[in-house]
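Comments concern the structure below.
The values are calculated or read from the model by the stated rules, or taken from the named source; none is laboratory data. Keep in mind it's a predicted model, so treat the numbers as computed, not measured. Every residue, glycine among them, receives a Cβ derived from its backbone with ideal geometry; neighbour counts consider all protein chains shown. What goes into the accessible areas is simple: the full protein's heavy atoms, side chains included, and nothing from ligands, DNA or RNA. Shrake-Rupley method; radii C 1.70, N 1.55, O 1.52, S 1.80 Å.
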Amino acid sequence: MAEIIAILNQKGGCGKTTTAVNLAAALAIYGKKVLVVDMDPQGNATTGFGIEKNEVTRTIYSVLTGESTLQDAVLDTEILGLDVIPSNIALSGAEIELSKEVGYHTILDLAMEGVSEGYDYIFIDVPPSLGILTINCLVAADSVIIPIQAEFYALEGMADLLEAIQLVETRLKSPSPIKGILLTLYDSRTRLGRDVYNNVKEYFGATEYIFKTTIPRNVTLAEAPSHGKPCIIYDDESSGSHAYLNLAKEIISRDGSEGNK
Ligand code: ADP
Ligand code: MG
């Protein structure tokens with residue numbers, strides 16, 4: 001059974017998609033079978049795997065509207081055995097359409113029933129909002145990874161995000177514990193980097209929430225998507241590739257020691 005992990009932060013540009021694509025690729029390098037579900041209408045995770053998002057016929061939108069099963073929407077990326085459920089701009093209309101459905105919070109969760117068996121990890125690349133799509137991601141997820149960009153406003157909006165996780169747990173009876181906080185675009189040598197790290201530590205009250213691995217600012221991570229490849233395939237020597245490989249190792253060893261993998 002896969003662990004379904006939502007990569008979540010309503011802030012745009014904090015590294016959600018970069019993490020979904022590159023952590024998935026790094027785990028695949030270590031022999032894990034991984035699916036990435038693109039739940040963002042921008043379809044950046046889809047493009048990041050070299051898939052032409054406007055040419056795919058079955059997307060996460062067709063899954064949510066019941067036109068396709070999730071299994072039928074799975075695409076083999078031909079990269080490291082990674083699978084992806086693609087997304088494109090069609091999904092932007094889904095919030096309004098779904099809101100008319102009974103039980104609209106649980107549509108993704110129900111659609112994902114049965115796919116879990118074939119994978120070790122399923123990552124959901126969550127859109128930058130706290131709307132209906134994001135709530136669907138939280139209901140479907142077993143846990144969340146929250147990327148936080150090391151910048152002055154890093155924790156702005158965090159209370160709303162944690163409240164959303166809490167409400168899904170209490171009202172929809174679907175807990176998604178925090179698997180880890182991931183510091184992205186991080187530079188420990190700068191004062192700002194250290195300040196943000198300390199603020200995050202203070203905010204969450206314990207370092208165990210924060211991944212030991214941090215992701216540095218690395219231009220190769222930003223370039224790889226335009227080549228339709230995860231960074232590890234584009235340039236395996238880059239600091240970005242090393243960071244995501246380390247993160248994958250940290251997750252595998254932690255999951256192993258918890259005895260649930
Ligand atoms: P989100 O999905 O949260 O909106 P992205 O992963 O798309 O964020 O990242 C936003 C932009 O920053 C993208 O252009 C991406 O290539 C770039 N980026 C993300 N992480 C890094 C990093 N560690 N180093 C350099 N550029 C990065
Ligand atoms: Mg994104």
For the chain, give the share of DSSP beta bridges that are antiparallel, in percent and rounded to the nearest 5; count only bridges with both residues there.
10
With charges only on Cβ, +1 for K and R and -1 for D and E, what is the dipole size of the chain about its Cα centre, in debye, rounded to 20?
700
Which value, in Å² rounded to 10, gives the accessible area of D236 with a 1.4 Å probe and all protein chains present?
90
FRET efficiency, 1/(1 + (r/R0)^6) with R0 51 Å, evaluated for S239 and S129 via beta carbons:
0.95
Excluding residues on the same chain fewer than 8 positions from K32, give the aspartates and glutamates whose Cα lies under 16 Å from its Cα.
E3, D76, E78, D83, E117, D120, E250, D255
Taking a crude spin-label model, label points 7 Å out from Cα along the C-beta direction, the E97 to F152 distance in nm is 4.2
What spacing in nm lies between the two simple spin-label points modelled at R194 and K173, each 7 Å away from Cα in the Cβ direction?
5.0
Please compute the alpha carbon radius of gyration of segment 189-261, then divide it by the globular-protein estimate 2.2 N^0.38 Å. Two decimals is fine.
1.32
Protein accessible area in the chain, 1.4 Å probe - carbon and sulfur %
49
Relative contact order (%) - segment 1-116, alpha-carbon pairs under 8 angstrom, separation at least six
28
What would the Debye equation give as log₁₀ I(q)/I(0) for segment 138-261 at q = 0.09, 0.19 Å⁻¹, counting only Cα atoms as equal point scatterers?
-0.30, -1.17
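Multiplying the sequence separation of E78 and R254 by 0.36 nm and subtracting their Cα-Cα distance, what value in nm do you get? Walk me through the intermediate numbers first.
On the way: separation 176, 0.36 × 176 = 63.36 nm, distance 2.83 nm.
Additional length available on full extension: 60.5 nm.
For segment 3-250, go through all pairs of different Cα atoms, get the mean of 1/r, take its inverse, and jot down that Kirkwood value in Å.
After inverting the pairwise mean of 1/r, the radius is 18.0 Å.
Below 8 Å between Cα atoms, with a sequence gap of 6+, how large is the relative contact order for segment 160-261 in percent?
Once divided by the residue count of segment 160-261, the mean separation gives 21 percent.
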Would you be so kind as to identify which of S238, L35, L130 lies farthest towards the positive end of the dipole of the chain, taking Lys and Arg as +1 and Asp and Glu as -1 on Cβ and the Cα centre as origin?
S238
Relative contact order %, segment 3-250, counting alpha carbon pairs below 8 Å whose residues are six or more apart
26
Using a 1.4 Å probe and counting only protein heavy atoms, arrange E3, E208 so the residue with the most accessible area comes first.
E208, E3
Write down Rg/Rh for segment 12-128, rounded to two decimals, with Rg from the C-alpha atoms and Rh from the Kirkwood relation over Cα pairs.
0.95
Among P177, P230, P86, residue whose mean-square fluctuation peaks in a GNM of the chain (springs only between Cα atoms under 10 Å)
P177
In terms of the charge dipole of the chain, which places +1 on Lys and Arg and -1 on Asp and Glu at the beta carbon, the residue among T65, G180, A26 farthest towards the positive end is G180
